[in-house]
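Each reported figure results from applying straightforward, stated rules to the coordinates on display, with no laboratory input. Predicted, not measured: the structure shown is a model, and the values here were computed from it. All Cβ positions, even for glycine, are placed from backbone atoms using ideal geometry, and neighbour counts span all protein chains on display.
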Amino acid sequence: MFEHIFEESYSVQLSEIETLQKQHEEKTIRIRDLKRQIEALKLRLAKTKTKKNNSRDERREAFNELCEKYHSLRNEYNALLSESSREQRLI
């Protein structure tokens, strides 16, 4: 009787671990993707600053848009990173 209960409990725990591992992998992939996007935005920001052909207003508008996108990605990245580290401490 106890063996049956133990096997069910073990099966449930194994399933939960597999689910957590999958979630962790998905978040890790998303973090890598966000890092790549952040780096690409940094390069675009640097290029925007150095372009001389655009008017000052166009450059400022493009810069502001890129900054907003960068901050949005950075916030999502940091949230996922902190959530991921919290989960690792629980395991």
key: Approximate spin-label separation F63-R44, in nm, with each point projected 7 Å along Cα-to-Cβ   = 1.7
inquiry  = In whole Hz and in residue order, list the ³J(HN,Hα) couplings for region 21-32 that follow from phi through the Karplus curve 6.51 cos²θ - 1.76 cosθ + 1.60, θ = phi - 60°; x for Gly and Pro.
reply    = 4, 5, 4, 4, 4, 4, 5, 5, 4, 5, 4, 4
